[in-house]
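Peer 1: After the structure tokens below, expect a handful of questions from me.
The values are calculated or read from the model by the stated rules, or taken from the named source; none is laboratory data. All of these numbers come straight from a predicted model, not from anything done at the bench. So basically every Cβ, Gly included, is an ideal-geometry build from the backbone, and we count neighbours across all protein chains shown.
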Amino acid sequence: MHRAGCDGTVGVVAPRTKEAREGLAAMKIAVLVKQVPDTATHIQLAADGSAINTAGIKWVLNPYDEFAIEEALKLRDQHTGEVVLVSFGPARVEEAIRQGLAMGADRAIWVSDDGVADVDYLGRAQILVAALSQEADWDLVLVGKQAVDDDAAQTGPLVAALLDWPQAMVVLGLTVDAVGRRITATRELEGATQTVELPMPAVLGAQRGLNVPRYPTLPNIMKAKRKEVRQTSAAALGLDAAELAADCRVVVEGYQLPPPRPEPKVLTGDPAEAAATLVKLLHSEAQII
Amino acid sequence: MSGILVVLEQFEGRVRRVGLEACATAVRLRHGSVSALAFGAGADAVAEAVGALGVEQLLVLPDAPFDRYSSDAFAHAVAEVVRQVEPSLVLFGATAFGKDLAPRVSGLLKAGLASDVTGIESDGDDVAIVRPVYAGKAFQRVRIVGTPKLVSLRPNVQPVGVGEGPAALVSRPAVEVGAPRAVVTGTERNDETVELTEASRIVSGGRGMKASENFRLLDRLAAVLGAAVGSSRPVADEGWVPHSYHVGQTGKVVSPDLYVAVGISGAIQHVAGISNSKCIVAINNDPDAPIFKVANYGIVGDLFQVVPALTAALKAHLDAS
């Protein structure tokens, strides 16, 4: 059973009960998605170092979110139900949303960032939770284990804490008992895998290896154009932009590029001689062996 | 609010190394007294290891339900201990444990968290924080507003040093939590492999390895060096090695002292993931491979000759020293 209140909940989303579904195990799954720069991007900074230079960046769906969407689609196809994408960001994120819809998600909720200045991880999680709270009956919230832009890996656990739901992050394997409302997840640890059991509703973070995301087919890309993307805003969700800004706890003061690496010493010629020279350099010059 | 609380990950009385790195960092920052919190059986036994580094007080929660990891129960416990100890700063390790737990604590306390931090310095009562973004292609300078400030530290970055302080004073905080919901029911440890994100030496193979079985060459080199074995993304996608070997922007981001890239051309995503390595060695038959641009040392040649030669030369050197 859902145990409310303990986590200092904002926006409680009532869990769907088995009875309410008259014995059916249909699942209503939200996938939180983020648009990020393609991983092939050479990151450059704005002249004053206050931000990264976004000119010319190719924006894509966060790679880990593809694993989350794929898992949601598999669960829906197995149990029936629906998959809803939820995203926060500027107008460009619609492209990432359409990509997820083309994979097979049923509809989407897009929270535009109009009027919302800088928010931190907590602010973003509050916005996503507010969007989820517009609807009832969620069974699962899936996320990518991290977004490959800020690499913070915070959204999943933050949303779980705010909803007061249990969580499992870095998930490599998943078994869902939709009728018994129990989940068994396998998590990747350092040099180990861990099995976690948790009740639904829950927040799950997808890791590479969980599945192989499907490619959108042309007919599905066409279909995705007609799927519902409901646009909303922080204000429409009852959140005050000034309060969100005032609550910003993590402030980015600026960016810097990594220091340049030294000129390499490259050895050629006889492999045995090159190897022996390298060992000498690693010992006497680099002093790491 | 003053002082620093370090949330440790321990197993059978042994602290995960990043926990010791966090303790040493906490003492170095000089923000008042340093306490540590440890969960599960054997928690008391870490008092000497953390005390040596300057931790004054060790809070332990050794008994059920804290004998098995639960993100919700542990997060409530950390939040409760923070309310009792009132630290200005709480440090975690950015391991699977800390990455799972710290943001949940952040959500409970509405406290700001900077994750996977590589740089942290005192600035009066404040801390100046640096953390990598885009897998290390850039770094963010961050400040956390309000207290407590939560920080998770990337493993293998902060020095530990040798300490001679007395064992930390052990106490048991009174912490009540409801029944845990997400509960660990089993942990399967891989063989004696060194974990990539914590390894001080890594040997990695790419497409140039040509086939799965040729990774045996790297296993032998790694065994001589005491290194972990990793890979580029394409060979993990090919199934030559498990996904857990994949080093790069959408795999493991690593920070070893020595990274040996064998038969890896150096795609931007891979280079980003290794850019925090102290010394990079590249072995590749293509002198124009981009990996040489980030390497400290390189050998241009046939890896099937160079790797066995390097293995033999290293073995001879290490046996002699």
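Peer 1: Where in region A:227-289 are there strands (runs of 3 or more DSSP E), lying wholly inside it, with at least 2 residues that are over 30 Å from A:Asp114 (Cα atoms)?
Peer 2: Fully inside region A:227-289 and qualifying: A:265-267.
Peer 1: Further question on the same structure: Collect the residues in region B:285-321 that are within 29 Å of the chain's Cα centre (by Cα), more than 9 Å from every other protein chain (Cβ to nearest Cβ) and either under 17 Å from B:Ala227 (Cβ atoms) or in contact (Cβ under 8 Å) with a residue 40 or more places away in the chain (or both), keeping them in residue-number order.
Peer 2: Listed by number, the list holds a single entry, B:Lys315.
Peer 1: For region A:129-142, does any single residue satisfy the condition of being crowded, with 21+ Cβ neighbours inside 10 Å, farther than 16 Å from A:Leu61 by Cβ, in contact with a Phe, Trp or Tyr (Cβ under 9 Å, 6 or more places away or on another chain) and at pLDDT below 95?
Peer 2: No; the residues of region A:129-142 include none that is crowded, with 21+ Cβ neighbours inside 10 Å, farther than 16 Å from A:Leu61 by Cβ, in contact with a Phe, Trp or Tyr (Cβ under 9 Å, 6 or more places away or on another chain) and at pLDDT below 95.
Peer 1: If you scan region B:233-260, which residues turn out to be within 12 Å of chain A (Cβ to nearest Cβ), outside any loop (DSSP other than H, G, I, E, B) and under 22 Å from the mean Cα position of the chain (by Cα)?
Peer 2: B:Arg233, B:Ala236, B:His243, B:Ser244, B:Tyr245, B:His246, B:Lys252, B:Leu258, B:Tyr259, B:Val260
Peer 1: Mind counting the residues in region B:118-158 that are among the charged types (D, E, K, R), over 16 Å from B:Val18 (Cβ atoms) and part of a strand (DSSP E or B)?
Peer 2: 6
Peer 1: Kindly indicate whether any position in region B:200-211 is touching a strand residue (DSSP E or B) at 6+ places or on another chain (Cβ under 9 Å), of a type in the set (Val, Ile, Thr) and either assigned to a helix (DSSP H, G or I) or outside the structural domain of B:Phe97 (by TED's automatic domain parsing) (or both). Give the steps one after another, and end with the answer.
Peer 2: Looking only at region B:200-211, we keep the residues that are touching a strand residue (DSSP E or B) at 6+ places or on another chain (Cβ under 9 Å), and these are B:200-206, B:208-209.
So of that shortlist, the ones also of a type in the set (Val, Ile, Thr) come out as B:202-203.
Checking which are either assigned to a helix (DSSP H, G or I) or outside the structural domain of B:Phe97 (by TED's automatic domain parsing) (or both) leaves us with B:202-203.
Within region B:200-211, one or more residues are touching a strand residue (DSSP E or B) at 6+ places or on another chain (Cβ under 9 Å), of a type in the set (Val, Ile, Thr) and either assigned to a helix (DSSP H, G or I) or outside the structural domain of B:Phe97 (by TED's automatic domain parsing) (or both).
Peer 1: Find the residue count for region A:259-289, including only residues that are at the interface with chain B (Cβ under 8 Å from one of its Cβ atoms) and of a type in the set (D, E, K, R).
Peer 2: Qualifying residue count, region A:259-289: 2.
Peer 1: Kindly provide the set of residues from region B:168-210 that are touching a residue at least 40 places away in the same chain (Cβ under 8 Å), surrounded by 15 or more Cβ atoms within 10 Å (Cβ to Cβ) and of a type in the set (A, V, I, L, M), ordered by number.
Peer 2: The answer is B:Ala168, B:Val170, B:Val175, B:Val177, B:Ala182, B:Val183, B:Val184, B:Leu196, B:Ala199, B:Ile202, B:Val203, B:Met209.
Peer 1: List the pairs whose first member sits in region B:215-238 and is on the phi > 0 side of the Ramachandran plot, whose second member is surrounded by fewer than 23 Cβ atoms within 10 Å (Cβ to Cβ) and modelled with pLDDT of 95 or more, and whose Cβ atoms are under 8 Å apart, counting only residues at least 6 apart or on separate chains?
Peer 2: The qualifying pairs are B:Gly226/B:Arg201.
Peer 1: Looking only at region B:104-127, filter to residues that are under 20 Å from B:Thr25 (Cα atoms) and at the interface with chain A (Cβ under 7 Å from one of its Cβ atoms); which one of those is nearest to the chain's Cα centre (by Cα)?
Peer 2: Residue satisfying both the conditions and the ranking: B:Asp116.
Peer 1: In the list B:Gly124, B:Gly107, which residue meets the criterion of being farther than 26 Å from A:Asp38 by Cα and modelled with pLDDT under 95?
Peer 2: Only one candidate qualifies: B:Gly124.
Okay, residues lined up against (1) assigned to a strand (DSSP E or B); (2) touching a Gly at 6+ places or on another chain (Cβ under 7 Å):
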residue: A:Thr175; (1), (2): yes, no
residue: A:Val179; (1), (2): no, no
residue: A:Ile183; (1), (2): yes, no
residue: A:Glu188; (1), (2): yes, no
residue: A:Glu197; (1), (2): yes, no
residue: A:Gly205; (1), (2): yes, yes
residue: A:Pro213; (1), (2): no, no
residue: A:Pro219; (1), (2): no, no
residue: A:Met222; (1), (2): no, no
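Peer 1: Continuing with this model, one more query. Test each condition in (1) buried (at least 22 other Cβ atoms within 10 Å of the Cβ); (2) part of a helix (DSSP H, G or I); (3) within 13 Å of chain A (Cβ to nearest Cβ) for B:Val224 and report the one that comes out false.
Peer 2: Unmet condition: (1).
Peer 1: Restricting attention to region B:44-91, which residues are free of Cβ contacts under 8 Å to residues at least 60 places away in the same chain, more than 14 Å from chain A (Cβ to nearest Cβ), under 26 Å from B:Gln158 (Cα atoms) and over 20 Å from the mean Cα position of the chain (by Cα)?
Peer 2: Answer for region B:44-91, where residues must be free of Cβ contacts under 8 Å to residues at least 60 places away in the same chain, more than 14 Å from chain A (Cβ to nearest Cβ), under 26 Å from B:Gln158 (Cα atoms) and over 20 Å from the mean Cα position of the chain (by Cα): just B:Ala45.
Peer 1: Let me spell it out: the conditions are (1) in contact with an Asp or Glu (Cβ under 8 Å, 6 or more places away or on another chain); (2) closer than 21 Å to A:Asp120 by Cβ; (3) of a type in the set (S, T, N, Q), and B:Ser106 meets all of them except one. Which number is the exception?
Peer 2: Looking at each condition in turn, B:Ser106 falls short on (1).
Peer 1: Which residue out of A:Ala152, A:Ala168 is closer than 15 Å to A:Ala185 by Cα, touching a helix residue (DSSP H, G or I) at 6+ places or on another chain (Cβ under 9 Å), without any contact (Cβ under 8 Å) to a residue 40 or more places away in the chain and facing chain B (nearest Cβ under 7 Å)?
Peer 2: A:Ala168
Peer 1: Residues to consider are A:Ala68, A:Ala105; find the one that is in a helix (DSSP H, G or I), among the aliphatic types (A, V, I, L, M), within 26 Å of A:Arg214 (Cβ to Cβ) and modelled with pLDDT of 95 or more.
Peer 2: Details: A:Ala105 fails: in a helix (DSSP H, G or I).
Just one listed residue meets the conditions, A:Ala68.
Peer 1: Okay, moving on. Please verify whether region A:49-57 includes one or more residues that are hydrophobic (A, V, I, L, M, F, W, C), within 19 Å of A:Ala160 (Cβ to Cβ) and touching a Leu at 6+ places or on another chain (Cβ under 9 Å).
Peer 2: no
Peer 1: Of (1) at pLDDT 95 or above; (2) more than 7 Å from chain B (Cβ to nearest Cβ), A:Ala245 satisfies all except one. Which?
Peer 2: (1)
Peer 1: Identify all residues within region A:182-234 that are basic (Lys, Arg) and in contact (Cβ under 8 Å) with a residue 12 or more places away in the chain; write none if there are none.
Peer 2: Across region A:182-234, the qualifying residues are A:Arg182, A:Arg187, A:Arg208, A:Arg214, A:Lys223, A:Lys225, A:Lys227, A:Arg230.
Peer 1: Continuing with this model, one more query. Of all residues in region A:53-69, which are surrounded by fewer than 21 Cβ atoms within 10 Å (Cβ to Cβ) and either touching a residue at least 40 places away in the same chain (Cβ under 8 Å) or on the phi < 0 side of the Ramachandran plot (or both)?
Peer 2: From region A:53-69, those surrounded by fewer than 21 Cβ atoms within 10 Å (Cβ to Cβ) are A:53-60, A:63; that's our starting set.
The answer is A:Asn53, A:Thr54, A:Ala55, A:Ile57, A:Lys58, A:Trp59, A:Val60, A:Pro63.
Peer 1: Looking for whichever is crowded, with 24+ Cβ neighbours inside 10 Å, outside any strand (DSSP E or B) and of a type outside the set (A, V, I, L, M) here; the options are B:Gly230, B:Gly273, B:Gly266. Which one fits?
Peer 2: Criteria check complete, one pass: B:Gly273.
Peer 1: If A:Ala192 satisfies all but one of (1) more than 8 Å from chain B (Cβ to nearest Cβ); (2) hydrophobic (A, V, I, L, M, F, W, C); (3) in contact with a Ser or Thr (Cβ under 6 Å, 6 or more places away or on another chain), what's the number of the condition it fails?
Peer 2: (1)
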